[in-house]
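**Student:** A single structure is presented below for examination.
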Amino acid sequence: MFNLILFGPPGSGKGTQSDRLVAKYGLIHLSTGHLLREEIAQKTPLGLEAKGYIDKGQLVPDAIVIGMVDSYFDKHKDSKGFLFDGFPRTVAQASALDKLMERKKTNIASVLALEVSEDELVKRLLNRGKTSGRSDDTNEGVIRQRFAVYDNETSPVADHYKKKGKFQAVRGEGTVDEIFNSICEAIEEKMD
Ligand code: AP5
Ligand code: MG
């Protein structure tokens, strides 16, 4: 298996680049945000609970997210590998992912981190909010709250992977093609 994590703040382009990366490398896309939005659309008990957190720009509790990741992984366990998008988002989630990788006798090849300025992120999210129907994109207060949560709870995840020598920063500004090429270069360094 070849597993990657695409890391970065809200609006940094994780979803956009994931679509291309899974096509190029034949990976399964595991976006916890996407899985949660599906649960919300289907009005499942998990979705209804998650909605309360997402609408406020807060993280959904670790236990819910980790359970969801474990079962999605098992559903696709015969795949070539996974691209994790928006997960792990806390140090507890990163530790749970370490254990999952160990249980499945595989590992994370690299954490690719998209770096984008906050002004550009706000611009992108407000713009997407006009058409996405995402409740967490239309209100600048909620967007700022998502950044605060990222700084406090998610950025420590970078150190978790830096200590393991798996962290690769990539410039996340420029055209989608330019960024995709930079990510592919970083991945190919790890594949050699
Ligand atoms: P999630 O769905 O993961 O959202 P996010 O991390 O806030 O990030 P986004 O999906 O908004 O942005 P992105 O980086 O994917 O960028 P995109 O490609 O879309 O999470 C949503 C919520 O769910 C969280 O707040 C939390 O409540 C909950 N949640 C999810 N995972 C969780 C977890 N593990 N634990 C706990 N809670 C969790 O691009 C953004 C926009 O910019 C698009 O319009 C795009 O077209 C545009 N764009 C992309 N690239 C470029 C470019 N190069 N130039 C110009 N525009 C660009
Ligand atoms: Mg996304």
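**Student:** Any chance you could count how many residues in the range 72-121 are more than 16 Å from ligand 1 (Cβ to nearest atom) and acidic (D, E)?
**Tutor:** Looking only at that region, the number is 3.
**Student:** Can you tell me how many residues within the range 64-96 are within 16 Å of ligand 2 (Cβ to nearest atom), in a loop (DSSP other than H, G, I, E, B) and of a type outside the set (A, V, I, L, M, F, W, C)?
**Tutor:** 3
**Student:** Those residues that are closer than 25 Å to N127 by Cα, in contact (Cβ under 8 Å) with a residue 24 or more places away in the chain and part of a helix (DSSP H, G or I), I need them from the range 161-185; list them, please.
**Tutor:** V176, I179, F180, I183 - these are the residues of the range 161-185 that are closer than 25 Å to N127 by Cα, in contact (Cβ under 8 Å) with a residue 24 or more places away in the chain and part of a helix (DSSP H, G or I).
**Student:** Looking at the range 106-127 only, could you name the residues that are over 30 Å from I143 (Cα atoms) and either open to solvent by 30 Å² or more (accessible area, probe 1.4 Å) or of a type outside the set (S, T, Y) (or both)?
**Tutor:** Going residue by residue through the range 106-127, those that are over 30 Å from I143 (Cα atoms) are 106-107, 109.
Of everything in the range 106-127, those that are over 30 Å from I143 (Cα atoms) and either open to solvent by 30 Å² or more (accessible area, probe 1.4 Å) or of a type outside the set (S, T, Y) (or both) turn out to be N107, A109.
**Student:** Taking A158 as meeting all but one of (1) exposed (fewer than 12 other Cβ atoms within 10 Å of the Cβ); (2) touching a residue at least 24 places away in the same chain (Cβ under 8 Å), write down the number of the exception.
**Tutor:** Against the list (1) exposed (fewer than 12 other Cβ atoms within 10 Å of the Cβ); (2) touching a residue at least 24 places away in the same chain (Cβ under 8 Å), A158 comes up short only on (1).
**Student:** Moving to a separate point now. Within the range 1-40, track down each residue that is within 11 Å of ligand 1 (Cβ to nearest atom) and in a loop (DSSP other than H, G, I, E, B).
**Tutor:** Matches in the range 1-40: G8, P9, P10, G11, S12, G13.
**Student:** Hey, among R103, R37, which residue is open to solvent by 50 Å² or more (accessible area, probe 1.4 Å) and within 15 Å of ligand 2 (Cβ to nearest atom)? It would help to see each step written out before you state the result.
**Tutor:** Details: R103 fails: within 15 Å of ligand 2 (Cβ to nearest atom).
Just one listed residue meets the conditions, R37.
**Student:** Would the range 128-137 turn up any residue that is more than 15 Å from G8 (Cβ to Cβ), buried (at least 18 other Cβ atoms within 10 Å of the Cβ) and of a type in the set (S, T, N, Q)?
**Tutor:** No, the conditions are met nowhere in the range 128-137.
**Student:** Those residues that are within 16 Å of ligand 2 (Cβ to nearest atom) and buried (at least 16 other Cβ atoms within 10 Å of the Cβ), I need them from the range 40-52; list them, please.
**Tutor:** Within the range 40-52, I40, A50 meet the criteria.
**Student:** Separate question: On the given criteria, is I143 open to solvent by less than 60 Å² (accessible area, probe 1.4 Å), in a helix (DSSP H, G or I), within 16 Å of S117 (Cα to Cα) and at pLDDT below 95? Give the derivation first.
**Tutor:** Values: open to solvent by less than 60 Å² (accessible area, probe 1.4 Å): yes; in a helix (DSSP H, G or I): yes; within 16 Å of S117 (Cα to Cα): yes; at pLDDT below 95: yes.
Yes.
The values are calculated or read from the model by the stated rules, or taken from the named source; none is laboratory data. Since the model is a prediction, treat every value here as computed from it, not as a measurement. Methodologically, a virtual Cβ is constructed for each residue, glycine included, from the backbone with ideal geometry; neighbour enumeration extends over all protein chains shown. The accessibility values were calculated without ligands, DNA or RNA, using every heavy atom of the protein model including side chains. Shrake-Rupley method; radii C 1.70, N 1.55, O 1.52, S 1.80 Å.
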